[in-house]
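Student: One structure coming up, written as structure tokens, with questions to follow.
The values are calculated or read from the model by the stated rules, or taken from the named source; none is laboratory data. Nothing here was measured: the structure is a model prediction, and the numbers come from that model. As a convention, Cβ positions derive from the backbone with ideal geometry for all residues, glycine included, and neighbour counts pool all protein chains shown. These accessible areas exclude ligands, DNA and RNA; they are computed on the full protein's heavy atoms, side chains included. Shrake-Rupley method; radii C 1.70, N 1.55, O 1.52, S 1.80 Å.
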Amino acid sequence: MIQTYDEALQWIHNRLRFGMKPGLERMNWMLEQLDYPHQNIKAIHIAGTNGKGSTVTYLRYMLQEAGYDVGTFTSPYIETFNERISINGTPISDEEMLRLVQEVKAVVERVEETEFGAATEFEVITLMFFLYFGYHNRVDYVLVEAGLGGRYDSTNVVEPLLTIITNIGFDHMAILGNTVDKIAFEKAGIIKRGVPLVTGVEQKEAIEVIEGIARDHEASLDRLGSEFTIESYSALENGEAFTLQTPIHTYENLELGMFGYHQVKNASLAVRALELLGQKGELQLSQADLAEGLKKARWSGRFEKVSDSPLVIIDGAHNQEGVKSLLSTLRLHYEDKQIHIIFSCLNDKSGKEMVKSLEGIAESITFTSFDFPRARTGQELYELSKHPSKKVNEQWQEAIEQALLHHAKPNDLIVITGSLYFISEVRSFLLRA
């Protein structure tokens, strides 16, 4: 019998040995045993290669500003494991996490005896999330971030009010396919019959796939750059400003406290999504609530300034698209700085492309590693680099301390980037120091 939070967490993490097993059969079987908790929530389902967490954040802040209680399911976590299941941005308690594990444990163990086999860690957490918001703590809206892909992701049993596909990029190609149209097909698996879809996908071949599936499912499709557009945009000292044109309104001079043009896109998706739900009579959101929510929105580990002297920014740019957004934001806001990069990533990522992109902006680059099953060694990354001022230090804490010591000049900027699992550890280390 599991009796403590630590035992509960250990039991969840032990499921990692079952790896990733795309498919919905196990989820459906387990949810049936728990009396279909996922049918009791009002959900917005978000998939995409990048920007899911930020889009969830914008949606949450705007809904909260309008007085709604909002549940979120996100991954990975940055500060505590419990934040994967949160209400109004506050992670559920250790006691609630323990109780959920105690409730699902028997079902999770029973499914192993069936033809469907053992549940993975992500499936177990998804099950706990549905149980929590379906039966224990009913909220007004639940924002569900897909884990991997969409079609066979364990969150895809949800029956949402609206779906969002943020963008399509190259990530998890061994599972999702190695072409834009194949990846788009997997992400578009979240499209449901008659459920509106909002997307920021730009590639022609991806749009064609998504349009076809939306048409087959009689789902309305709103595309950023087509049905709604960013009309003007400017960089602010502490974020971004933009004007958004939708079919029913022009939102002028919206401000974000998060950095980067990619965040303007994510915020635009969130605005149009809530606008559509408002049109359907699902919610009420004033323009003031919308603008204030966007301005207040923050998401840890995404172009986050953690120190002013020396200037240090951390960013979970964990794939090539994320790196492109990071570089674009650095050029926009810090083009006058000497940029010193510390980088670590997982071995299933396109390390060579990411390293090459980062080299283009770096005055110096240090490669490191961290304690995680799929983490690359710093040496492997070092060997991919052609930068004249490259270093390797497998001890990331040491690498950071050396950078803080040597790059404290007013014109220096230290950027620590890579895997979100890495950034989670770095953030904790720097804010504790």
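Student: Do any residues in region 189-202 that are under 18 Å from residue 50 (Cα atoms) have Cβ atoms under 8 Å from those of residues that are aromatic (Phe, Trp, Tyr) and open to solvent by 20 Å² or more (accessible area, probe 1.4 Å), where the two are at least six apart or on different chains, and which pairs are they?
Tutor: Going by the 8 Å Cβ cut-off, the qualifying pairs are 189/152.
Student: Let me ask something else about it. Within region 265-287, take every residue that is out of contact with any Leu (no Cβ under 6 Å at 6 or more places or on another chain) and without any contact (Cβ under 8 Å) to a residue 60 or more places away in the chain and give me the one that is farthest from residue 330 (Cα to Cα).
Tutor: Among them, the one singled out is 281.
Student: If you check residue 68 against the conditions, is it open to solvent by 10 Å² or more (accessible area, probe 1.4 Å), closer than 25 Å to residue 272 by Cα and either in contact (Cβ under 8 Å) with a residue 60 or more places away in the chain or assigned to a helix (DSSP H, G or I) (or both)?
Tutor: On the way: open to solvent by 10 Å² or more (accessible area, probe 1.4 Å): yes; closer than 25 Å to residue 272 by Cα: yes; either in contact (Cβ under 8 Å) with a residue 60 or more places away in the chain or assigned to a helix (DSSP H, G or I) (or both): yes.
When the stated conditions are applied, residue 68 passes them.
Student: Moving on. Given the conditions (1) touching a strand residue (DSSP E or B) at 6+ places or on another chain (Cβ under 6 Å); (2) within 17 Å of residue 307 (Cα to Cα), and given that residue 428 satisfies all but one, which numbered condition is not satisfied?
Tutor: (1)
Student: Another one. With 90, 80 as the choices, which residue is surrounded by fewer than 22 Cβ atoms within 10 Å (Cβ to Cβ), at pLDDT below 95 and polar (S, T, N, Q)? Reasoning before the result, please.
Tutor: Numbers: 90 fails: at pLDDT below 95.
Selected residue: 80, the only one of 90, 80 that is surrounded by fewer than 22 Cβ atoms within 10 Å (Cβ to Cβ), at pLDDT below 95 and polar (S, T, N, Q).
Student: Please state which of the following conditions residue 205 fails to meet, knowing it meets all the rest: (1) part of a strand (DSSP E or B); (2) touching a residue at least 24 places away in the same chain (Cβ under 8 Å); (3) open to solvent by 50 Å² or more (accessible area, probe 1.4 Å); (4) not β-branched (Val, Ile, Thr).
Tutor: So residue 205 meets the others, but not (1).
Student: Inspect region 211-222 for any residue being touching a residue at least 60 places away in the same chain (Cβ under 8 Å) and open to solvent by 60 Å² or more (accessible area, probe 1.4 Å) and give the result as yes or no.
Tutor: Within region 211-222, the subset touching a residue at least 60 places away in the same chain (Cβ under 8 Å) is none.
Scanning region 211-222 turns up no residue that is touching a residue at least 60 places away in the same chain (Cβ under 8 Å) and open to solvent by 60 Å² or more (accessible area, probe 1.4 Å).
Student: Shifting gears a bit: Which number in (1) among the charged types (D, E, K, R); (2) over 22 Å from residue 63 (Cα atoms); (3) open to solvent by 30 Å² or more (accessible area, probe 1.4 Å) marks the one condition that residue 123 misses?
Tutor: (3)
Student: Would you please list the contacts, defined by Cβ atoms under 9 Å and residues six or more apart or on different chains, that run from a residue in region 382-395 that is in a loop (DSSP other than H, G, I, E, B) to a residue that is open to solvent by 70 Å² or more (accessible area, probe 1.4 Å)?
Tutor: Short answer, once both residue conditions are applied: 385/356; 386/356; 389/363.
Student: Kindly indicate which of 374, 432, 427 is at pLDDT 95 or above and surrounded by fewer than 23 Cβ atoms within 10 Å (Cβ to Cβ).
Tutor: Working: 374 fails: at pLDDT 95 or above; 432 fails: at pLDDT 95 or above.
Selected residue: 427, the only one of 374, 432, 427 that is at pLDDT 95 or above and surrounded by fewer than 23 Cβ atoms within 10 Å (Cβ to Cβ).
Student: Moving to a separate point now. Pairs needed: first member in region 106-120, farther than 16 Å from residue 154 by Cα; second member anywhere, charged (D, E, K, R) and open to solvent by less than 60 Å² (accessible area, probe 1.4 Å); C-beta distance under 6 Å; at least 6 residues apart or different chains.
Tutor: Hits for this filter: zero, empty list.
Student: Here is a follow-up. Just one of 54, 86, 75 is within 21 Å of the chain's Cα centre (by Cα) and part of a loop (DSSP other than H, G, I, E, B); which is it?
Tutor: On the way: 54 fails: part of a loop (DSSP other than H, G, I, E, B); 86 fails: part of a loop (DSSP other than H, G, I, E, B).
Criteria check complete, one pass: 75.
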